[in-house]
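**Q** Sharing a structure here in structure tokens format.
What follows draws every value from the coordinates through simple rules; no lab data is involved. Just so we're clear, the structure is a prediction, and the values are computed from it rather than from any experiment. Every residue, glycine as well, gets a Cβ built from its backbone with ideal geometry; the counts of neighbours run over all protein chains shown.
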Amino acid sequence: MDLPRKGPMTSYSANIHRLSPGDIWLPDNRASSIIVTDLAKQQTANTMTTPHLNPTSTSSSTTSYSSTSSASSCSIPIHPTECSKNARRHRADTASLKEYGECYRRLGQGTTAVVMVVRQLGEDGRSEKLYAIKQFRKKRKHESEKEYMKKLTSEFCISSTFSHPNVIETIDLVLDERKRYCTVMEYCPGGDLFTCIMAERMTELEKLCCFKQMLQGLAYLHSMGVAHRDIKPENLLLTMDGTVKITDFGVSDVFRFPWESKGRQSRGLVGSEPYISPEAIENKEYWGHLADVWSAGIVFYCICLGGLAWHIAKKTDHSYANYLRALEQQKLYELFRPLGANERRIIHRMLDPNPSTRITSSELLEDAWVKSISVCNNNSVDNMNRVHKHTEGVQPVCTLSKK
């Protein structure tokens, strides 16, 4: 499926492809030892046979990569006491998906999980609430119990610590009736940013609003010491009032603990090819939060012009090579010509091939022009009383019943 755009593009610049919901990658080097221990005990005690999930494979010319690194230690961006709180929070010995209602609709599936929406009825039997559920596959034969549990809990351990309006809320880790593990998250009926871009209905005001909301969520993650490492339009969800929320922490990495000042570099080639930074492609180690800024810069280009400027950030890519040549000659890159002066300036800062001089997410939010961008509130109205209609024309996959 091609992503239309109004400006000039390369022959493949519109080659953004939809990934199946739930097509996530779970690294095995970020897990809570406490949660792993609790769940492993339960899994060992469980004698019930769990059938394999049989997700349908998805094909796309946009390549995604998963991390193959491993580590035996627990690494999450919280204090050990918080880790204990999370272990109690998901109540591994008693938590059941039934607490959140019944399966309402299946959204899709990928190689590691099935994504569904469940509907919870209120005590009055009439009021309802919807949740997004990510149901994970069972343990593979070649995996040890410890490896499986680390993969299973890594995303939950990181994402459940976040609390920000532009980051998806991860609520619980539970078991369904067939003893399969499921992550419970808030449901965003507005779909993803990819869908909004393809609809071509957003005004310039709404595009910039989405961009700034993405930056706000990203800056928050980085302040927590977490690099997302797979920022793309498909991983930016929207509520019906236009709030943008970052989701899918399957390949996220902790680059700095709260008690550290310097942090450490990330390893492994992960993410989706058009959005991966050049240093992540070329080097074994790189700063994950700076790679996120590069990815966000590509997303900003997609928001503004509806396509991709290049397929991959390698010199063998003709369009990317032209971009590097334009930078060296201090000329305007042709595909950036349709952008406004401020948009070009910001994208150049975000798509700086040198990560040591690339702007950070916090610096972006301090930029005078970015500061001037008005973001809509829960009523889809910004601070200048202008109505935003990000999701106009978008039909939510699931809605609450009309009583």
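**Q** What is the distance in Å between the Cα centres of region 276-321 and region 188-253?
**A** The two parts, judged by their Cα centres, are 17 Å apart.
**Q** Follow-up question, since we're still on this one. Which of rounded, prolate, oblate describes region 192-387, given a ≥ b ≥ c as roots of the alpha-carbon gyration tensor eigenvalues and a/c under 1.5 marking rounded, otherwise prolate only if a/b is larger than b/c?
**A** oblate
**Q** Below 13 angstrom from the Cβ of VAL117, what's the summed charge of the other residues (Lys, Arg +1; Asp, Glu -1)?
**A** Combined, the nearby Lys, Arg, Asp and Glu give +2.
**Q** Would you order LYS138, LYS150, LYS212 from fewest to most other beta-carbon atoms within 10 Å of each residue's own beta-carbon?
**A** LYS138, LYS212, LYS150
**Q** While we're looking at this one, here's another question. How far apart, in nm, are two points set 7 Å out from the Cα along the Cα-to-Cβ line at LYS179 and at ASP241?
**A** Spacing of the two 7 Å Cα→Cβ label points: 4.3 nm.
**Q** If you take every residue apart from TYR65 with its C-beta less than 11 Å away from the C-beta of TYR65, what net charge results, scoring Lys and Arg +1 and Asp and Glu -1?
**A** -1
**Q** Net charge near ASN235, counting Lys/Arg +1 and Asp/Glu -1 over other residues with Cβ under 10 Å of its Cβ?
**A** -2
**Q** Nearest 0.05, what FRET efficiency do TRP259 and LYS389 give at R0 = 30 Å with Cβ-Cβ as r?
**A** 0.10
**Q** Only four residue types carry charge here, +1 at the Cβ of Lys and Arg and -1 at the Cβ of Asp and Glu. Report the dipole size of region 97-185 about the Cα centre in Debye, rounded to the nearest 20.
**A** On the way: 18 positive and 13 negative charges, 125 e Å.
That gives a dipole near 600 debye.
**Q** For ASP230, ASP352, ASP367, which order do you get if you count the other beta carbons within 10 Å of each Cβ and list the fewest first?
**A** Numbers: ASP230 27, ASP352 19, ASP367 16.
With the fewest neighbours first, ASP230, ASP352, ASP367 line up as ASP367, ASP352, ASP230.
**Q** Another question, then. Taking the dipole about the Cα centre of region 191-247, with the C-beta of Lys and Arg at +1 and of Asp and Glu at -1, give me whichever of LEU237, CYS196, HIS222 is farthest to the positive side.
**A** Working it through, the farthest residue towards the positive pole turns out to be HIS222.
**Q** Still on this structure, please answer the following. Full extension from GLN330 to GLU143: what is 0.36 nm times the residue separation minus their Cα-Cα distance, to one decimal in nm?
**A** Details: separation 187, 0.36 × 187 = 67.32 nm, distance 5.19 nm.
Working it through step by step, the gained length comes to 62.1 nm.
**Q** Which value, in debye to the nearest 20, gives the size of the charge dipole of region 122-253 about its Cα centre, when Lys and Arg are +1 and Asp and Glu are -1 at the Cβ?
**A** Dipole of region 122-253, to the nearest 20 debye: 700 debye.
**Q** Just to be sure I follow the rule: in region 97-185, considering lysines 8 or more places apart or on different chains, how many pairs have Cα atoms under 15 Å apart?
**A** 13
**Q** Let me check against my output: what whole-number percent is the relative contact order of region 192-387, with C-alpha pairs under 8 Å and at least 6 apart?
**A** Taking the mean separation of contacting Cα pairs over the length of region 192-387, I get 23 percent.
**Q** For labels at SER163 and ASP367 in the simple 7 Å Cα→Cβ model, what's the distance in nm?
**A** Inter-label distance under the simple model: 3.1 nm.
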